[in-house]
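Worksheet: the structure to be examined is printed underneath.
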Amino acid sequence: MYLDYIRNFSIIAHIDHGKSTLADRFLERTHTVSARELKDQVLDSMDLERERGITIKSHAIRMLYDAQDKHQYVFNLIDTPGHVDFSYEVSRSLAACEGVLLVVDAAQGVEAQTLSNLYLALENDLQIIPVINKIDLPSAQTESVKHQLVELIGCHEDEIFLTSAKAGTGIDEIMEAIIKYIPPPQGDPNAKLQVLIFDSVFDTYRGAISFIRIFNGTLRKGEPIYFFNTKKEFEADEIGILKLKKEPVQELRAGEVGYLISGAKDVSDTKVGDTVTHARKGAEKPLPGYVDVKPMVFSGIFPINSEDFEDLRDALEKLTLNDSALSYVPETSQALGFGFRCGFLGLLHMEIVQERLEREYDLSIINTVPNVIYHVYLTTGEMVKIDNPTQLPPPGQIERIEEPYITAQVLSPPEYIGGIMKLSQEKRADFKSTTYLDPSRVDMQFDFPLAEVIFDFYDKLKSSTRGYASLDYEFNEYRPSQLVKLDILINGEPLDALSTIVHQDKAYEMGQKLCRHLKEVIPRQMFEVAIQAAIGNKIISRQTVKPLRKNVTAKCYGGDITRKRKLLEKQKEGKKRMKQVGKIDIPQEAFLAVLSMEKED
Amino acid sequence: MPFNRSHYCGLYIHIPFCEHKCEYCDFFSVTDNHHRQTFVSLLLQEMELTLQSTHIDGLFDTIYLGGGTPSLLTEHEVDILLQFILKHFRMDTNTEITMEINPGSLTDKKLASFRRLGVNRLNVGVQSFVNNELKVLGRIHDADKAFRSVEAVRNRSFDNIGLDLIYGVPGQTQESWQYSLSEAIRLQPEHISAYNLTIENGTPFYDRMLKGEIKPSGQRMETLFFKQTVDTLKQASYKPYEISNYARAPKFYSRHNQKYWYHIPYLGFGPSAHSFWNEKRWANKSSMSDYVFDIENGQRPLAFTESIDDETKEFEYIFLGLRTYDGINLQKFEETFGRAFKSKYGDLVDSLLLNQLADMDQSFFRLTQKGMMISDEITPKFL
Ligand SMILES: Nc1nc2c(ncn2[C@@H]2O[C@H](COP(=O)(O)OP(=O)(O)OP(=O)(O)O)[C@@H](O)[C@H]2O)c(=O)[nH]1
Ligand code: SF4
């Protein structure tokens, strides 16, 4: 049976533990790619990803492995994104596999993402092969990492594979283990068609390209197909397998992994996790596990030059072709004019979008302080979801506000427990539990308001633990909190783009910090600028930027009026990079005040 | 002409020679005498080239000999120059002929001859009456010499004299500035220009500032100096009429400089000189060798020409107008630009008035002293 010779698996690892390097070795050993072809790391294709060292978009690759049993096996290696913002995508990629290699850095040991990925794999009932990588490192602590793994997954020490992906040692053993321990896929090529989309990308020429795993039935080129979730019908224009390039085939059978091009224009038609079946005589039910991922973090994105508004819209539209998790709706700010309120999976996702807008689309944008979705219960009994602080109803109409909490897992050497506890308290965390994975690693669980984590928690955690701690989190629930809206007034006018929703106990300090920071970044102007922080009608802090005292050149250079005029024009040009709010010129940095301010202290 | 202002054209001649380059100087001038002998003849050739290529029919009523150091010219040279001008340009009988003079290179004899040749207004580059400051500035004369040269000028029956002073000199104090102002007042010139020192890129001052050897006096001090200047000179009955210019009476306003501020046509000759004519502005090259080369090859030594479109002209009109104490003549503005000033810039005008940075009556919109101090901040907002 052909199924016996297929293995579908993933490599899961904490960032930088060597996932890509190990994948490269497999590609070489199976002659899928020659060492020369192998640019650094084949599986990561976007520049941004490479720079950040994070695989954002997962893909798959098919290899042919001639095993010691003289049979040839098809290995489908399915890559997974490596950041908590994208954990749903990871879970779908894992759903396409029967097993995983759990790779842990011999010098770093188990980290938060190792755990979260492991849990995702366990949820999907996958076979786990533990691998310790980088054993060549002088700082490798292979024995202690072995203990951690034994503790964690209950395996035996001798079931753990040791490798140096860099040097290429231990690779064959792992490849044999894949055959031995990871079960072949199951499924019936004659049953009704059930195809899982585990990833989707947008291609300018081809439209949406889906990466798929066939669970049941057989998909043939040209067949009409139906997408359960979007309820759309398309045709299987092209199907194929994924080598280094796409290779079209006539059919894909149960158990196989490949791609599908269907005429769907963008990735919102081919959502990750959706099930595809035949348009006629299709399966009754989709595969389980589909979730419509919802943005968790929101921020306003405004063009610095208002003329760029349409370009920004185009750019966002193009980005969503490839990123169904990004949402945007037009927003008007008194301060910043026309822009968009965008929703992101998390802070990293937000930063990536921002960066792509600036780099790939050459736009100058201001993005406002990110916030979460609040559930606001009104005195009328109604509940409204607020993703923009300016839309918060007046306090009199509010019965209570609930904010999203996450469950966070922090893994760290025990000596940093004190620091982590302190930081967590500052961030309004509820401490849940501490578990020692081994004497050198503790696993601490907290419930955090998501709003606190999206600011700078991660940076602070890293710095207070010298980089040793790692963090992972997932959404938990909405809980009531004492939240207030903090407004910033410039000469009495609210600067809506700077309004934030903060916890009552932190409002005063935050107001002060913000005012002080704004005072630093707003240059002196024609008249005095009063910066105030207010909760409702109550001013809680004030700073003033004194008026400019003198800005005049004395002489007009004889008849050289041109020179003088050009100087003034240049001055004006310089101001263009600022936003005019009322009569006040406000530099861009001001709108990021909250973020940068937090980073400073 | 109560304000000594007319709509007749002006003529500027740039004499680009100095005995020594001042530390702060940003004007085009050279200290070598390479082209010194032939310079006036080059000037005449340049004027001829311009007269051939441009139709010049206006009536002129100012000649301004600036520099550089025009007082380095010989009697003979000034004679030739003025003769040529009289012959080739239509001159008003009542022409204001100003010459900038340097107290360090002046003889009594020359003065007398200049007066005889028709120069009727002198602008003396005193800059300061404090020796230390003169040294810092790199001037070639001391305070005593400056004082005596103004007296000498008076004795040669010049009845329209201007003094140039500079404030914001590194090391200057309010007391020392007060002293210079008082000495100037004691000499009773008809006109005083008090410029705030600007440390321009490319000057020795600039380099020294970067090296930290000299320190600009800073916003706070400059504000004080400015106020002190206005107060002191007003008290001595000098009337401020532009940010840096004061006169004992409106009839002593610089007729020539006002042409720059009110878009009245002027022609400039000599390297780096600027012209404004028929809604075009052009400038000559700021290089002696380029200037010589072009003229010897029968070409005008132009660095650039630009057309001043309506929008640009309007902006210039505003920023120049707001440097004057009269301010912007609202009726004239409307006539020239086809739209009421107030209706076009309503919001900005309101906020300036509200913040006492400007005031307005039936006929004029002008900056207050407070506004004038930050006019470079205010005027770009009219763009
Ligand atoms: N010494 C040593 N270094 C290794 C080994 N394997 C990987 N590395 C290095 O570790 C770093 C991270 O390796 P990657 O393969 O990019 O790690 P990754 O898990 O794919 O990282 P992300 O794509 O960011 O998730 C690179 O600099 C590799 O060269 C190994 O066995 N030994
Ligand atoms: S005398 Fe005037 S032109 Fe000559 S160097 Fe000094 S400041 Fe410059």
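The values are calculated or read from the model by the stated rules, or taken from the named source; none is laboratory data. From a predicted model like this one, the values you see are computed outputs, not experimental measurements. Positions of Cβ are generated from backbone atoms using ideal geometry, with glycine treated the same way; all protein chains shown enter the neighbour counts. Heavy atoms of the whole protein, side chains included, go into the accessibility calculation; ligands, DNA and RNA do not. Shrake-Rupley method; radii C 1.70, N 1.55, O 1.52, S 1.80 Å.
Counting only other chain Cβ atoms within 10 Å of each residue's Cβ, the peptide A:561-570 averages 6.
For the residues A:320, A:204, a 1.4 Å probe over the protein chains yields an accessible-area ranking, largest first, of A:204, A:320. Leaving ligands and nucleic acids aside, the B/A contact buries around 3400 square angstrom of accessible area in total at a 1.4 Å probe radius. When both bridge partners sit in chain B, DSSP labels roughly 40% of those beta bridges antiparallel.
For the protein assembly as shown, the mean residue ellipticity at 222 nm estimated from helices alone is -9000 deg cm²/dmol, where every DSSP H run of n ≥ 4 contributes -39500 (n - 2.57) and the total is divided by all residues, rounded to the nearest 500. Ligands, DNA and RNA are left out, and with a 1.4 angstrom probe the accessible area of chain B is 41 Å² per residue.
Our summary gives chain B a relative contact order of 16 percent, counting only alpha carbon pairs under 8 angstrom and 6 or more residues apart. Close amide H contacts of residue A:266 (hydrogens built in the peptide plane, cut-off under 5 Å, sequence separation of 5 or more or a different chain): A:208. Remark: the range A:482-493, residue by residue, has Karplus-estimated 3J(HN,Hα) of 7, 10, 9, 8, 9, 9, 10, 10, 10, 6, x, 9 Hz, where x stands for each Gly or Pro and the curve is 6.51 cos²θ - 1.76 cosθ + 1.60 at θ = phi - 60°.
For the range A:325-447, the fraction of 1.4 Å probe accessible surface lying on carbon and sulfur atoms is 52 percent.
Given +1 at the Cβ of Lys and Arg, -1 at the Cβ of Asp and Glu and no other charges, the dipole of the protein assembly as shown around its Cα centre is 3660 debye to the nearest 20. Take the alpha carbon gyration tensor of the range A:384-529, find the square roots of its eigenvalues, order them as a ≥ b ≥ c, and report rounded if a/c is under 1.5; if not, report prolate when a/b exceeds b/c, else oblate. Oblate, since a/c reaches 1.5 and b/c is not below a/b.
Derived scalar couplings between HN and Hα for the range A:500-517 equal 9, 9, 9, 6, 3, 5, 9, 4, 4, 4, 5, x, 5, 4, 4, 4, 4, 5 Hz in order, rounded to whole Hz, by the Karplus curve 6.51 cos²θ - 1.76 cosθ + 1.60 (θ = phi - 60°), x for Gly and Pro. Of all stretches in chain A that contain no GluC sites (Glu not before Pro) in a DSSP loop with at most 16 other Cβ atoms within 10 Å, the longest one is A:38-283. Solvent exposure of chain A, expressed per residue, is 42 Å² of accessible area, with all protein chains present and a 1.4 angstrom probe.
Summarising the amide proton neighbourhood of residue B:163: residues at separation of 5 or more, or on other chains, whose placed amide H is nearer than 5 Å comprise B:124, B:191, B:192, B:193. Shown for the range B:120-208: the carbon plus sulfur share of the solvent-accessible area, taken with all protein chains present and a 1.4 angstrom probe, equals 44%.
For the range A:194-278, the Cβ-based charge dipole about the Cα centre amounts to some 140 debye (Lys, Arg positive; Asp, Glu negative; other atoms uncharged).
Within a straight-line Cα-Cα reach of under 12 Å, residue B:285 can be paired with the following aspartates and glutamates, leaving aside sequence neighbours fewer than 8 residues apart in one chain: B:294.
With 25 Å as the limit, the listed pairs A:579/B:280; A:70/A:243; B:110/B:251; A:566/B:259; B:109/B:145; B:259/B:313 have A:579/B:280; B:110/B:251 beyond it between alpha carbons. Net length available on complete extension from residue A:438 to residue A:549 is 33.5 nm, with 0.36 nm assigned per residue and the Cα-Cα distance removed. Rounded to the nearest Hz, the phi-derived 3J(HN,Hα) couplings of the range B:92-109 under the Karplus curve 6.51 cos²θ - 1.76 cosθ + 1.60 (θ = phi - 60°) are 5, 5, 9, 8, 7, 10, 9, 10, 7, 10, 9, x, x, 9, 8, 10, 4, 5, where x marks glycine and proline. Modelled spin labels at residue B:93 and residue B:151, positioned 7 Å past Cα toward Cβ, are 3.8 nm from each other. In this structure, the amide hydrogen of residue B:129, modeled 1.01 Å from its nitrogen in the peptide plane, lies closer than 5 angstrom to those of B:180, counting only residues at least 5 positions away or on a different chain. For the range A:194-278, the square roots of the Cα gyration tensor eigenvalues, ordered a ≥ b ≥ c, give a/c below 1.5, which places it in the rounded category.
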